[in-house]
Amino acid sequence: MATPQLSAPKPVTAPSRGTDDTWGSVAHYRQEGGLHVIDVNAAAVAQLFSGLDPAPFRHKDMDPEVEGYITAALREIGDPSKAKLVIHLPAPEAESTAGHGLADAIHNYFSYRAWAASEDLKRLLRTGAVSLAIGISFLFLCLLSRQLLFGGGASAATTITKVLDEGLLIIGWVALWKPLEIALYEWWPLWRSIRRHRALKNMPIEVRGTDAAK
């Protein structure tokens, strides 16, 4: 049996395809009570979640397409505190047990994603600290070996000894490449992911039933 197609109504300005977690200007979304509304239409509650996840309903992973749409829309709106999510379902689905628990399930999912990203960041920083200690120790050994082997014979140095001398210096500094990469670049995506998912877990969510005749 064919899977029902998810339809997510687009605002006048479609969600941007910019870089991850780049909060943009306020888009032309409809407003309710001073909040910009992210509308998502679905034929069933199950359509919003991954069919591959066997976890109980309140702990299921969201469908990647749905999550991607919500995330892109929030980037477009810009300020997470001025947005809310409205899920439109057929009235029987909205009034079902799953429909009543939908907001909690979505909040739980984004809360878990924020926690998971936070744990990943902690592990990355621990790896960076260990890598830094190893790198500094290795650099010290290279410099010490360089001094012991070639420190007193610079005038009589051959091409081979010069290469070995410079090689020890180079590989000593290369050993610091990984901790520097972590410190300068690798932690940013995880920090952005934490910020994004914390904003999503606190976003107001409403579930509304729609008239099937419309």
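The values are calculated or read from the model by the stated rules, or taken from the named source; none is laboratory data. Predicted model only: the values in this text are computed from it and were never measured. All Cβ positions, glycine included, derive from the backbone under ideal geometry; neighbour counts span all protein chains shown.
So here's what we get for this one:
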| item | result |
| --- | --- |
| Filter result for Glu206 (under 29 Å from the mean Cα position of the chain (by Cα), at pLDDT 90 or above and assigned to a strand (DSSP E or B)) | yes |
| Failed item, numbered, when Val37 is tested on (1) touching a helix residue (DSSP H, G or I) at 6+ places or on another chain (Cβ under 9 Å); (2) surrounded by 14 or more Cβ atoms within 10 Å (Cβ to Cβ); (3) among the β-branched types (Val, Ile, Thr); (4) modelled with pLDDT of 75 or more | (1) |
| The stretch 124-145: number of residues that are farther than 16 Å from Ile170 by Cβ, more than 24 Å from the chain's Cα centre (by Cα) and among the small types (Gly, Ala, Ser) | 2 |
| Unique match (being among the hydroxyl-bearing types (Ser, Thr, Tyr) and over 30 Å from Thr71 (Cα atoms)) among Ser118, Ser96, Ser145 | Ser145 |
| Among (1) over 11 Å from Ile38 (Cα atoms); (2) touching a helix residue (DSSP H, G or I) at 6+ places or on another chain (Cβ under 9 Å); (3) modelled with pLDDT of 90 or more; (4) not basic (Lys, Arg) - the single one His88 does not satisfy | (1) |
| Among (1) more than 22 Å from Arg198 (Cβ to Cβ); (2) acidic (Asp, Glu); (3) under 19 Å from the mean Cα position of the chain (by Cα) - the single one Asp63 does not satisfy | (1) |
| Qualifying residue in the stretch 182-192 (condition: part of a helix (DSSP H, G or I), out of contact with any helix residue (DSSP H, G or I) (no Cβ under 8 Å at 6 or more places or on another chain), surrounded by 13 or more Cβ atoms within 10 Å (Cβ to Cβ) and modelled with pLDDT of 85 or more) | yes |
| Identity of the residue in the stretch 170-181, surrounded by 14 or more Cβ atoms within 10 Å (Cβ to Cβ) and touching a residue at least 24 places away in the same chain (Cβ under 8 Å), that ends up farthest from Leu102 (Cα to Cα) | Gly172 |
| Evaluation of Ala55 against (1) at pLDDT below 80; (2) among the hydrophobic types (A, V, I, L, M, F, W, C); (3) more than 23 Å from the chain's Cα centre (by Cα) (one fails), failing number | (3) |
| Of all residues in the stretch 41-64 being among the acidic types (Asp, Glu) and over 22 Å from Thr210 (Cα atoms), the one that is surrounded by the fewest Cβ atoms within 10 Å (Cβ to Cβ) | Asp53 |
| Boolean, Glu32 is under 22 Å from Arg208 (Cβ atoms) and modelled with pLDDT under 90 | yes |
